[in-house]
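What follows is one structure encoded as structure tokens, with my remarks underneath.
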Amino acid sequence: MAPHRTWSLPLALAILLCAQLAQCFSIPNPFGFSARAPAPVLPDLYEASVPELQAGLDAGHFTSVHLIKAYFARIEEVNIKGPGLRAVLELNPSALKQAARLDIERKRTGKRSELHGIPVLLKDNIATIAAEGMNTTAGSFALLGSVVPEDTGVVKRLRKAGAIILGKANLSEFAQFRGNIASGWSGRGGQGSNAYFPHADPCGSSSGSGVAASIGLAAVTLGSETDGSITCPSSNNNVAGIKPTVGLTSRAGVVPISAHQDTVGPMTRSLTDAAIVLTVIAGKDTNDNFTLAQPPVVPDFTKALNKNALKGKRIGVPRRVALNDSLTGNDPSIGVAFEEALRTIKGLGATVVDPADLPSADDFLTSSNETIVLSVDFKVQLNQYLKALAENPSGVRSLADLIKFDDENPTSEKPAGFEDQSGFIQSEATNGFDAEYFAALAADHDLGSTRGIDFVLKKFNLDAIVLPAPGFTTIPAAVVGYPIVTVPLGFFPDNVTIGSAGPETVYPAPGVPFGLSFLGTAFSDFELIGFGYAYEQKTQTRLSRKAFPAAIPKTQLKDVIGK
């Protein structure tokens, strides 16, 4: 038996110090034990960025399995329980298995990309193969159990990059084309709401994606926009959103509204994350011929992340963008924040050209061209989507079937306050690609480009246009498929008058966020990301206010590691 040793406290401390120094300088430890390494600092999932998550995964501080478990738990806390945000429709039952495989792959061969092992939440109009265990329904019971032929183009790219589909986000049913129904409501998901004020309007049809990103229910979310559906929920939920140029990302397999205006883009807590995601999902797809017109090489959009991107640039301010020359059509506090943003942009080295008005601005207020185009496109393209389904238990195979299904299922699809189907009915009454349709397309090009965005960019030699995200902002870009990058701008003051946004939602409301949007011509996405990033990094607006306490999930990685 070895003799018993009695250590004095000073001697014990000296030995421990020697052991630590030996470890630091790679010197053999003469005492036979090592100092315990400090516990790793784990990222806060409320704000965690993709680079932070990748650093922790690479270092072995946690795994993708841990991430999935943590996000699942966070969703469980606030989605139906607690504040009942209803941001998520369903979770991916295959996510944990996928995460385990990707964790093994990371150890054996390294990561595929910056999205390797990163959980992504998809808007529920972005199709995924049924064999994985999830539905693709656009929020409607009419598509519950339907079987799509294959993954959407963007999902194929996400999977190739090693991303994990976490689940499906709630949305405004059929991307809010059904009728005059409050944002964020779907038959399957119910009324989604903002996390910054109880029952506040989440906005846009990508509502669940915006809410989920805002409080860290997923690392990354995807939305889609036809007119405002990425821009507005990004604005209302204090996140960064990129509405890409139509044709930069594939829409193949997305439940459609219009091939001329639909686009898929990222909604994240920072433009850094959004740029990482866009780099992965952008590119040509033979199943979407609009993508074949994009430039031959997809840029690495993370290279646009330059804090000096606004230096020497010319940024225009279209003042005549809404009725009565109002810049926003909303609470004056948005205008106050916008004027401060213009001063910031100048301080970052840009020349602000103010005003730089769109000659077509007033004409947009009376134009019905967008409605004509969308109504025709929706009927034609939705009928094609429904007919291509491998299975659909409801029997819905056309827009006419869909209208009938809703009428015959009023409890689930037409509850009180959510009965309207005027968008569907108007679309069903169209006669296809007739002379009126082509005239409307041409008029949209004139309004959005010839006398719109391209006109003002050329006339004033501008690099981009800047506007508050709320209001008229999205329409000129929507009708010609041009990009918009949105970042946080501010929050409604605590004394703002609370308004109604629907049967179950309010807007404006105290503390609800609003955003700033940079607009440009086709495929100027790279430049707009740079401008948005420079502003975002200078102001750090997102970090100045959090969601209301009950809407902030408490589960963190430490709560699932080792459990």
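The numbers here are math on the coordinates, done by the rules we state, and not lab data. All of these numbers come straight from a predicted model, not from anything done at the bench. Cβ: placed from backbone, ideal geometry, glycine included. Neighbour counts: every protein chain shown.
Numbers below:
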item	result
Residue-count net charge about G532 - beta-carbon cut-off 14 Å; Lys, Arg +1, Asp, Glu -1	+1
Charge context of S193, other residues only, Cβ under 11 angstrom, K/R +1, D/E -1	-1
HN-Hα J in Hz across segment 248-255 - Karplus 6.51, -1.76, 1.60, θ = phi - 60°, x for Gly and Pro	7, 10, 6, 9, 4, x, 7, 4
Relative contact order %, segment 107-183, counting alpha carbon pairs below 8 Å whose residues are six or more apart	40
Gap separating the Cα centres of segment 408-482 and segment 531-558, nearest whole Å	31
Those aspartates and glutamates that a straight Cα-Cα span of less than 14 Å connects to K111, excepting residues fewer than 8 apart in one chain	D58, D103
Model label zone, N409; criterion: amide N under 13 Å from point 7 Å along Cα-to-beta-carbon; scope segment 154-182	174
Eligible lysines near K404 by straight Cα distance, threshold 26 Å, same-chain separation 8 or greater	K123, K168, K379, K387, K414
Label zone at D300 (point 7 Å along Cα-to-Cβ), backbone N below 20 Å, segment 58-90	58
Within straight-line cross-link reach of K546, aspartates and glutamates at Cα separation under 14 Å, skipping those fewer than 8 residues along the same chain	D44, E47, D494
Cα-based Lys pair tally, segment 262-371, threshold under 25 Å, eight or more apart or on separate chains	7
For F491, distant residues with modelled amide H under 5 Å away	F514
Tensor-based shape of segment 72-151 (alpha-carbon gyration tensor, a/c under 1.5 rounded, otherwise prolate or oblate)	oblate
Within the chain, percent of DSSP bridges classed antiparallel, to nearest 5	65
Cα gyration tensor category, rounded, prolate or oblate, for segment 412-488 with a/c compared to 1.5	oblate
Formal net charge of residues neighbouring D300 (Cβ-Cβ distance under 13 Å; K, R +1; D, E -1)	-1
Per-peptide average of other Cβ atoms within 10 Å, ordering 485-494, 268-277, 518-527 highest first	268-277, 485-494, 518-527
Listed peptides 237-248, 48-59 by packing density, highest first (mean Cβ within 10 Å)	237-248, 48-59
Amide H contacts under 5 Å for F418, placed H, 5+ residues apart	none
The chain - percent relative contact order, Cα under 8 Å, separation 6 or more	18
Global form of segment 349-414, assessed from the alpha-carbon gyration tensor, a/c cut-off 1.5	prolate
Inter-centroid distance (Cα atoms) of segment 201-237 relative to segment 101-171, Å	17
At least 24 Å along the helix axis (C-alpha) and Kyte average at least 0.5, DSSP helices within the chain	none
Rg to Rh quotient for the chain, alpha carbon positions, Kirkwood Rh	1.03
Spatial separation of Cα centroids for segment 366-394 and segment 47-69, in angstrom	40
DSSP beta bridges in segment 67-209 [antiparallel fraction, %, rounded to 5]	50
Rounded to whole Hz, the Karplus (6.51, -1.76, 1.60) HN-Hα couplings of segment 510-516, x for glycine and proline	x, x, 6, x, 8, x, 10
Under 5 Å, built H, 5+ apart or other chain: amide partners of I164	G117, I118, V120
